[in-house]
Amino acid sequence: GRLRGGGLENSSSPGNDPGQLTSWIRQCNDVGGLLELLDRHGPSFDYIHVGSTWVTLVKMRSVGKEDGGEVIQLLQVLTRDRVAKMGAQAVANILHSMATLNASGRMGVDDEL
């Protein structure tokens, strides 16, 4: 899948600074930017990065099922992979984001989450 490979070894990497990656996520203003970050750094995302990406996606009011679909699919995979390390607040934030996207018609509910 798209989340394999990549990692933090390339020159556009945040290195050992997870805060830099979080900052890049929060600065994204379109789905293309989020998709690029997921492609380049998805394997190194921790549960904080996953939650930040969900919240950032919700803030993009123009995101629809078609343009946001790939990002949502990748986020669902990462969410399933990282859920064991999440605390209650992280889970609540992600569920709230998913519910907001679902209620607005911007994504369908993933029965596996």
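The values are calculated or read from the model by the stated rules, or taken from the named source; none is laboratory data. Note that the structure is predicted; figures quoted are calculated from it, not measured. Note: ideal-geometry Cβ built from the backbone for every residue, glycine included; neighbour counts use all protein chains shown. Just the protein is used for accessible areas: all its heavy atoms, side chains included, with ligands, DNA and RNA removed. Shrake-Rupley method; radii C 1.70, N 1.55, O 1.52, S 1.80 Å.
Using a probe of 1.4 Å on the protein chains alone, the accessible area found for Thr79 is around 10 Å².
The label-point distance for Ala99 and Val55, in a model that sets each label 7 Å from Cα toward Cβ, rounds to 1.7 nm. Accessible area of Asp81, 1.4 Å probe, to the nearest 10 Å²? Near enough 100 Å² of accessible area.
Of the listed residues Val83, Val58, Val91, the order by accessible area with a 1.4 Å probe, largest first, is Val83, Val91, Val58.
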